[in-house]
1. In region 160-189, what count of residues is obtained for those that are more than 14 Å from the ligand (Cβ to nearest atom) and in a helix (DSSP H, G or I)?
2. When you check Ala16 against the structure, is it surrounded by fewer than 24 Cβ atoms within 10 Å (Cβ to Cβ) and either within 16 Å of the ligand (Cβ to nearest atom) or in a strand (DSSP E or B) (or both), yes or no?
3. Please work out if Arg197 is within 14 Å of the ligand (Cβ to nearest atom) and either over 28 Å from Lys342 (Cα atoms) or in contact (Cβ under 8 Å) with a residue 24 or more places away in the chain (or both).
4. How many of the residues in region 111-141 are away from the ligand (no atom under 16 Å from the Cβ), part of a loop (DSSP other than H, G, I, E, B) and in contact with a helix residue (DSSP H, G or I) (Cβ under 6 Å, 6 or more places away or on another chain)?
5. Determine whether region 198-213 contains at least one residue that is on the phi > 0 side of the Ramachandran plot and surrounded by fewer than 16 Cβ atoms within 10 Å (Cβ to Cβ).
6. Which residues, taken from region 124-160, are more than 15 Å from the chain's Cα centre (by Cα), surrounded by fewer than 19 Cβ atoms within 10 Å (Cβ to Cβ) and under 23 Å from Thr46 (Cβ atoms)?
7. For a quick check of your reading of the model, give me the residue pairs whose first member lies in region 164-179 and is of a type in the set (Asp, Glu), whose second is near the ligand (Cβ under 8 Å from one of its atoms), with beta-carbon atoms closer than 9 Å and at least 6 apart or on different chains.
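The values are calculated or read from the model by the stated rules, or taken from the named source; none is laboratory data. Computed from a predicted structure; not experimentally measured. Neighbour counts are summed over all protein chains in view; Cβ atoms, including those assigned to glycine, are modelled from backbone coordinates with ideal geometry.
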Amino acid sequence: MSDNASVVFRTAFGVAPRVVASAPGRVNLIGEHTDYNGGPVLPVATAARTSVAVGPADDGVLELISTLDGQLARIDWRDGRPAGWNAYLAGVMRELDAAGAAPTGAGARVAVASGVPVGAGLASSAALTVAAAKALSLLASVRLNPRQLAGVAFRAEHDYVGVRCGMMDQMCAALARPGQALLLECASLAARHIPIRARLLLVDTGTRHALTAGALNERRAECEAAVARLKLELPELAWLASWPARWLPRLKRALPEPLRSRALHVVGETARTRFGAQLLARGRVRRFGGLLYESHESCRRLYQCSSAELDLVVDVARRAGALGARLTGAGWGGAVLVLLGKGDGGRGKGEAKVAREIRRAFTAAYGREPSITAVRPSGGARGKRSR
Ligand code: GLA
């Protein structure tokens, strides 16, 4: 992948890039819509990465080319907000500039080669912003640590582009380790790496969502409204995820629908994720898988972020004997994660059967095949200066 961005850079600008960096997409094992509520998440980084090659340019000017749209753009990032994916790069440059970590003159030539599918719930935007933050800061000869990179990328997307996401995607793209899941507590940003002793399949339904358009922002506003009301019960409540799980009857009484359902999801998902991380750490994969099914059901019924295609894949996976399955990422389309044991449910017959049955049922219902790939938990951002 890194080489692809270099090739795009050379072709567009006629010189070699100074720095090439890359960052992965992510698949969340459990902990959906908990990050912006101060709860835990448990993502893994994908082998699919986005790479960014950069070199110097005129003061304040970003010259951009990407395999995302093939268009060469020249923007003055200080002068208004550009459209589309260019906004993410302008946001990164603005944040680096504010932190004193932007290249001289805060201009750059940037080539992007994206290997992470866009809108599939695999955090393609965080792969882009984290890789860009890494490449542009190295161009400025500044070494940001993984948390600093994640912070720059998060503020670019959240404050500048205006997607009211949490920090799961950026932290995973920056901190992930091969073969391990990242347990991240989003209120404190405490992180722990947990080895995965299971096989994971990703079933992309091919249906896409556009996050900035609203659903995620709407859910976040509902969660904030729930916290505002729950503060009458518990004045020190800072995050929805901090509501005590033993006080569910009180929560139900205090909240009208749909706030009640949203809050029940967040509080339940928080408990499931912490318990799930313990199970995974102890190698209790079967029990962990059961929590994935519960999480999907909660996303479907309470958070209402599933879709007919996602539900079908989860149902078929369960009937075919998978240990667990659930939508992964924001939802409203995108992909399903399927968990298989390493033994008989693993690489052999079990996995082939699950994949075959999902393919068959999905094709019968929608007249097209879903893409089914194995997930290889990978490492976070990396980058190199060439001269
Ligand atoms: C999107 C956001 C993440 C997270 C998930 C839902 O991917 O970018 O921060 O909120 O949705 O878990």
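1. The total comes to 2.
2. The answer is no for Ala16.
3. Numbers: within 14 Å of the ligand (Cβ to nearest atom): no; either over 28 Å from Lys342 (Cα atoms) or in contact (Cβ under 8 Å) with a residue 24 or more places away in the chain (or both): yes.
For Arg197, the condition - within 14 Å of the ligand (Cβ to nearest atom) and either over 28 Å from Lys342 (Cα atoms) or in contact (Cβ under 8 Å) with a residue 24 or more places away in the chain (or both) - is not met.
4. 0
5. No, region 198-213 contains no residue that is on the phi > 0 side of the Ramachandran plot and surrounded by fewer than 16 Cβ atoms within 10 Å (Cβ to Cβ).
6. Residues satisfying the conditions are Asn145, Pro146, Arg147, Gln148.
7. The qualifying pairs are Asp169/Asn28; Asp169/Asp35; Asp169/Ala123; Asp169/Ser125; Asp169/Ala126; Asp169/Glu157; Asp169/Gly329.
Here is a yes/no grid of residues against (1) of a type in the set (Phe, Trp, Tyr); (2) surrounded by fewer than 24 Cβ atoms within 10 Å (Cβ to Cβ):
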{"site": "Trp239", "(1), (2)": "yes, yes"}
{"site": "Pro244", "(1), (2)": "no, yes"}
{"site": "Trp247", "(1), (2)": "yes, yes"}
{"site": "Gln278", "(1), (2)": "no, yes"}
{"site": "Arg284", "(1), (2)": "no, yes"}
{"site": "Phe288", "(1), (2)": "yes, no"}
{"site": "Leu302", "(1), (2)": "no, yes"}
{"site": "Ala308", "(1), (2)": "no, yes"}
{"site": "Ala322", "(1), (2)": "no, no"}
